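K.L.:
Pasting a structure here, questions to come.
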């Protein structure tokens, strides 16, 4: 009977499809997943100074922790499957406008002096009040030293950094070399880099949005000019220069609160300039918030303000001022082309 | 489990009533028109108004010509009455020509009066479709019956079409949809399995997805990032699977009418995947393998499903033809 035959054939086809599909996924994971735990990141040669007292505020519920756990760290990239790169096969090629093109292996990289540094990374897609920001302790080799060994030629304005899939980011040479702690990072919060965050080696440049600098799974660096090469995101309308803008966010309260003492708290960031002050706006009146101690100028700072809340609807705002004296602008701008601006504003009903 | 093609039952009969033609042969008559004349061709139902030429198979002047064709065709195929359902075949032992000729490729004698006569000549006035429960005694002089006999082996299936029968309604749509869907699933599943031996990025869904990401307009990308956050990749995959499923279902429905369309459709899918995989940055030549093998597997599944869903007697005809 034809219907029976068809149903048998259909069921078999479904079985083949599911078996091959899921079996293939299992095999892909088994064959290609790299064991990050096999890498021992060791102790850094240059340890970051111990955190000053009061750098980490931990006793306010709802406030972001100073260090973002690796598992909770935001991930924004264009890879549908996480690239799997084994440390044994990893190589970084530095070429283009350099005197001595060079290739460095993972073992050679590990032998270089290792630096510990706290950096808050931010995605340019971060909306005002968004969540594409995270702070971590990164361990790695100084990128500037390596590039100087290769001998950067005059006129090389852009470093095009490619990952194992050929996806490229283009970063201006100047900020990378201006003395900030730009790293070829191998460790994140004391662990080897997770696969989603660029295992085995990624680039961390303090103060620049990720779309120009945060090259995960990096295997290739080409020194060139902005005129000679239009990088992936600049082709798509994003700016060539991408310093992170001074911004701030209210983490708590959210929505409703009980009358009485309410802690307004959040984070503020102005990477590589440092946060100087944070003000909280309550129904249009600005108050100085208390700031956690500064770690490095490359990290965010937690802040809080105890508020005697009265019943009713209230509007809360926040604005930060960086150490260069610049207060974040109230002008609202979308993330494109170089980062959103505006005050994070929330509405709270106090009962 | 019961599959019912919803389109089948609702469809009104596509043929006008058969009336007795003045010279003793049946003819078509518009039932909506005045039937007092009761003779002569007055146009197909619903199309009254425009003057129409009498169809050649209904024209006494041309009948001899068409007769010959019909007889010829029936003799040529030798298929006889076994094409559709054996129930009907047994019901009308000698009238096979009237049905078989309509089913057979390239036989222009479909509505030949000769065919009609051949069945009348047997004296058979019985149901042509045992399973439809429709009594179709359409050949009795003086009697007017609605509709020619349907020919299907069930509500679910229709044969892959010969392509030149404009009367074929949308039977078999569900089976066609399932065929397309499952063929695409087999193609993607097998491609994913093969990708485990090449590299994950060679899987067509990944290659096409990443190519799509690269070509996403900034506005859409921002919308996705803001709307779905870090779920944007999962939403993209979901969207791709839904799109592929819809395309595959369409291909399957077409394949049910014309197998070649299905083969071409799935094949193009595979070639597209291979093309995208090999044009990705940092791709390897071997990246085409998952898409190609997946495409072949999908075509095989399609052919297999179409064949499994094809009434056996038609398959037998196909074998005879080879």
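The values are calculated or read from the model by the stated rules, or taken from the named source; none is laboratory data. Keep in mind that this is a model prediction, so the values were computed, not measured. Neighbour counts are summed over all protein chains in view; Cβ atoms, including those assigned to glycine, are modelled from backbone coordinates with ideal geometry.
K.L.:
Among all residue pairs at least 6 apart or on different chains, which show Cβ distances below 6 Å where the first residue, located in segment B:279-290, is without any contact (Cβ under 8 Å) to a residue 24 or more places away in the chain and the second is surrounded by fewer than 14 Cβ atoms within 10 Å (Cβ to Cβ)?
P.N.:
B:281/A:166; B:282/A:166
K.L.:
A further question follows. Out of the residues in segment B:188-208 that are more than 17 Å from residue A:32 (Cβ to Cβ) and at the interface with another protein chain (Cβ under 8 Å from one of its Cβ atoms), state the one that is nearest to the chain's Cα centre (by Cα).
P.N.:
B:188
K.L.:
Just give me the residues in segment A:107-128 being buried (at least 19 other Cβ atoms within 10 Å of the Cβ) and over 30 Å from residue A:332 (Cα atoms), in sequence order.
P.N.:
Those that are buried (at least 19 other Cβ atoms within 10 Å of the Cβ) and over 30 Å from residue A:332 (Cα atoms): A:109, A:114, A:115, A:116, A:117.
K.L.:
Please enumerate the residues belonging to segment B:217-240 that are more than 9 Å from chain A (Cβ to nearest Cβ), surrounded by 14 or more Cβ atoms within 10 Å (Cβ to Cβ) and without any contact (Cβ under 8 Å) to a residue 24 or more places away in the chain.
P.N.:
B:224, B:228, listed by residue number.
K.L.:
Out of the residues in segment A:241-253 meeting the condition of being in contact with a helix residue (DSSP H, G or I) (Cβ under 9 Å, 6 or more places away or on another chain) and in a loop (DSSP other than H, G, I, E, B), tell me which one is surrounded by the fewest Cβ atoms within 10 Å (Cβ to Cβ).
P.N.:
The initial filter retains those residues of segment A:241-253 that are in contact with a helix residue (DSSP H, G or I) (Cβ under 9 Å, 6 or more places away or on another chain), namely A:241-243.
Next cut, in a loop (DSSP other than H, G, I, E, B) only: A:241-242.
Working: A:241: 14, A:242: 27.
Here the answer is A:241.
K.L.:
Filter segment A:129-141 for residues that are more than 14 Å from the chain's Cα centre (by Cα) and crowded, with 19+ Cβ neighbours inside 10 Å and give the result.
P.N.:
First, pick out the residues of segment A:129-141 that are more than 14 Å from the chain's Cα centre (by Cα): A:129, A:139-141.
If the condition is that a residue be more than 14 Å from the chain's Cα centre (by Cα) and crowded, with 19+ Cβ neighbours inside 10 Å, then A:139, A:140, A:141 are the ones that fit.
K.L.:
Here is a follow-up. Sort out which residues of segment A:92-112 are assigned to a strand (DSSP E or B) and under 19 Å from residue A:37 (Cα atoms), and write them in order of number. Please lay out each step first, then the result.
P.N.:
Here is the first cut: in segment A:92-112, the ones assigned to a strand (DSSP E or B) are A:92-96, A:98, A:102-105.
If the condition is that a residue be assigned to a strand (DSSP E or B) and under 19 Å from residue A:37 (Cα atoms), then A:105 is the only one that fits.
K.L.:
Looking at segment B:272-283, which of the residues that are touching a helix residue (DSSP H, G or I) at 6+ places or on another chain (Cβ under 7 Å) and in a helix (DSSP H, G or I) is farthest from residue B:181 (Cα to Cα)? Show your work before the answer.
P.N.:
Here is the first cut: in segment B:272-283, the ones touching a helix residue (DSSP H, G or I) at 6+ places or on another chain (Cβ under 7 Å) are B:273-274, B:276-278, B:280, B:283.
Still in the list and also in a helix (DSSP H, G or I): B:273-274, B:276-278.
On the way: B:273: 17, B:274: 20, B:276: 22, B:277: 22, B:278: 26 Å.
So the residue we want is B:278.
K.L.:
Tally up the residues in segment A:272-326 that are under 30 Å from residue A:175 (Cα atoms), in contact with a strand residue (DSSP E or B) (Cβ under 7 Å, 6 or more places away or on another chain) and in contact (Cβ under 8 Å) with a residue 60 or more places away in the chain, please. Reasoning before the result, please.
P.N.:
Pass one, segment A:272-326, residues under 30 Å from residue A:175 (Cα atoms): A:272-279, A:291-303, A:318-326.
Filter again for in contact with a strand residue (DSSP E or B) (Cβ under 7 Å, 6 or more places away or on another chain), leaving A:273-279, A:291-292, A:294-296, A:298-303, A:318-323.
Within this subset, residues satisfying the condition of being in contact (Cβ under 8 Å) with a residue 60 or more places away in the chain are A:273, A:292, A:294-296, A:298-300, A:302, A:318-322.
So the count comes out to 14.
K.L.:
Would you be able to tell me the number of residues in segment A:216-240 that are buried (at least 21 other Cβ atoms within 10 Å of the Cβ) and away from chain B (no Cβ under 14 Å)?
P.N.:
3
K.L.:
Within the group B:274, B:301, which residue is facing another protein chain (nearest Cβ under 9 Å), within 21 Å of residue B:196 (Cβ to Cβ), buried (at least 18 other Cβ atoms within 10 Å of the Cβ) and modelled with pLDDT of 95 or more? Spell out how you get there, then give the answer.
P.N.:
Values: B:274 fails: facing another protein chain (nearest Cβ under 9 Å).
Selected residue: B:301, the only one of B:274, B:301 that is facing another protein chain (nearest Cβ under 9 Å), within 21 Å of residue B:196 (Cβ to Cβ), buried (at least 18 other Cβ atoms within 10 Å of the Cβ) and modelled with pLDDT of 95 or more.
K.L.:
If you don't mind, there's one more thing I want to ask. Take the residues in segment A:64-92 that are within 19 Å of the chain's Cα centre (by Cα) and more than 14 Å from every other protein chain (Cβ to nearest Cβ), then tell me which one is surrounded by the fewest Cβ atoms within 10 Å (Cβ to Cβ).
P.N.:
A:69
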